[in-house]
Amino acid sequence: MAKWIVIEIDGKLASVAGDYRHLPRIAEEIAKLPPGKTGSITTRKITTDQLVELAAKTKWEDLRLFGTKFQINVWKTLYELEPRLYSYSEFANMVDNPQGVRAVAHAVAANPVAYIIPCHLIVPKESMDKAREIRSLAEKTLFQGQDLYLLDTLDVGEYAYGPEVKRELIKRQLAK
């Protein structure tokens with residue numbers, strides 16, 4: 001995906017997506033606000049390289065997110081993650097909801113700020129198990145645990161923009 005659409009409200013990021021999928025929800029939430037609570041709404045297109053640069057300088061306070069308390073908690077936890085892969089069940093434990101893996105997965109999927117809130121780092125448990133198995137074998141070879149090449153063989157799970165884009169975002173984030 002060469003272009004990402006950035007939606008900002010009063011200079012704060014409200015959405016980064018490959019399309020305008022979040023705009024109706026944002027408009028609905030803005031309509032509920034009292035007059036004067038929102039000044040300007042802007043959109044622009046950026047490349048994936050520009051998205052990576054934007055993510056590097058974006059702080060949590062720079063985001064203007066509309067979601068439930070539960071979603072905001074999931075997104076903040078995602079934002080604060082160390083860059084590595086996590087299973088959905090592992091991540092559900094991190095947000096203190098081990099029995100609610102599906103609810104957590106839905107909140108992860110509703111993330112309106114692609115890459116900046118790294119929902120792409122959450123993958124199916126079966127994929128994590130397979131990666132561990134391959135990694136342990138690779139440590140005995142000349143790959144020595146350098147396993148970014150594994151991404152092309154793993155099921156990275158659902159992603160709004162397709163598995164190829166998810167793999168690209170994972171590779172970019174984990175290559176640091």
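Key figures
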| read-out | value |
| --- | --- |
| Test: residue in the range 32-45 that is charged (D, E, K, R) and either in contact with a strand residue (DSSP E or B) (Cβ under 8 Å, 6 or more places away or on another chain) or within 25 Å of ARG172 (Cα to Cα) (or both) | yes |
| Filtered residues of the range 51-79 (kept if touching a residue at least 12 places away in the same chain (Cβ under 8 Å) and of a type in the set (D, E, K, R)) | ASP62, ARG64, LYS76 |
| Any hit, the range 91-112, residues being among the acidic types (Asp, Glu), surrounded by 15 or more Cβ atoms within 10 Å (Cβ to Cβ) and more than 19 Å from LEU13 (Cα to Cα) | no |
| Residues within the range 141-176 that are at pLDDT 85 or above and among the hydrophobic types (A, V, I, L, M, F, W, C), tallied | 5 |
| Residue, farthest from the chain's Cα centre (by Cα), within the range 28-80, restricted to residues that are loosely packed, with under 14 Cβ neighbours inside 10 Å, of a type in the set (S, T, N, Q) and over 23 Å from ALA92 (Cα atoms) | SER40 |
| Residue match in the range 111-126 (condition: more than 30 Å from GLN50 (Cα to Cα), part of a helix (DSSP H, G or I) and modelled with pLDDT of 95 or more) | no |
| Elements of type helices (runs of 4 or more DSSP H) contained in the range 27-97, each with 1 or more residues being among the aromatic types (Phe, Trp, Tyr) | 69-79, 88-94 |
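The values are calculated or read from the model by the stated rules, or taken from the named source; none is laboratory data. No experiment lies behind these values; they were computed from the predicted model shown. All Cβ positions, even for glycine, are placed from backbone atoms using ideal geometry, and neighbour counts span all protein chains on display.
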